[in-house]
Amino acid sequence: MKMIKVINPETKVKQQERLDLLIARRLKKAIGNIAPDRLNEICQAYHENRLLILPVPIGEKVYIPGSFEETDGSEVFCIDEAHLSGYINENGREFYTTYDESCGTMDVEKNVLCITREEAEKKLEGLKNRKCRVCGCTQDHACPGGCYWVEDDLCSKCAGTEQIQEIAEG
Ligand SMILES: [Zn+2]
Ligand SMILES: [Zn+2]
């Protein structure tokens, strides 16, 4: 299936500005102060997909908020601790791989991985109430064939369709 993706140029600029801020903050944390020119170069490389920044170095501990179903059907929410082991870009779907002794290797969507426990706890609260803003699917009731969250309130099946709709209507 071919997905048509239309991005409003204004939205794209805003997304880039947000990304630049995120990169600047991460770099500052990792290597201290950085010259503005160098920062621009790094951001540029990132936009051109020449640079990959992992949230923490490989092997560091990460936190994964999530839920699983008990044998009686009830849903239990928890935060898994694991170690970051890699990054994969599979036809544009980006996710991290993690490793821990009890669960082995896991795939973790980019927006699910947390680098602190506090961040994971906050996300877990959101998870308990999340719902796709387009189709209304939830953590318990995914779209037919399955879907995953691309934003806190947008599922993979609906990603892209929303922008096309906005343009068609507007
Ligand atoms: Zn949806
Ligand atoms: Zn869905």
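The values are calculated or read from the model by the stated rules, or taken from the named source; none is laboratory data. What you are looking at is a predicted structure, and each value in this text was computed from that prediction instead of being measured. Because the Cβ atoms are built from the backbone with ideal geometry, glycine has one as well, and the counts that use them run over all protein chains shown.
Overview of values
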read-out	value
Unique residue being of a type in the set (Asp, Glu) and within 16 Å of ligand 2 (Cβ to nearest atom) when the list is GLU69, GLU109	GLU109
Options VAL13, VAL6, VAL56: the member that is at pLDDT below 75 and not in a helix (DSSP H, G or I)	VAL6
Pair list, Cβ under 8 Å, 6 or more apart: segment 74-97 residue free of Cβ contacts under 8 Å to residues at least 12 places away in the same chain, other residue in a strand (DSSP E or B) and surrounded by 11 or more Cβ atoms within 10 Å (Cβ to Cβ)	VAL76/SER67
Selection count, segment 121-138, where residues are more than 10 Å from ligand 2 (Cβ to nearest atom), touching a residue at least 24 places away in the same chain (Cβ under 8 Å), of a type outside the set (A, V, I, L, M) and surrounded by 15 or more Cβ atoms within 10 Å (Cβ to Cβ)	1
Positions within segment 88-127 being closer than 17 Å to GLU75 by Cα and either in contact with a strand residue (DSSP E or B) (Cβ under 6 Å, 6 or more places away or on another chain) or acidic (Asp, Glu) (or both), in sequence order	GLU121, LYS123, LEU124, GLU125, LEU127
Residue within segment 99-121 that is at pLDDT 90 or above, hydroxyl-bearing (Ser, Thr, Tyr) and assigned to a strand (DSSP E or B) present	yes
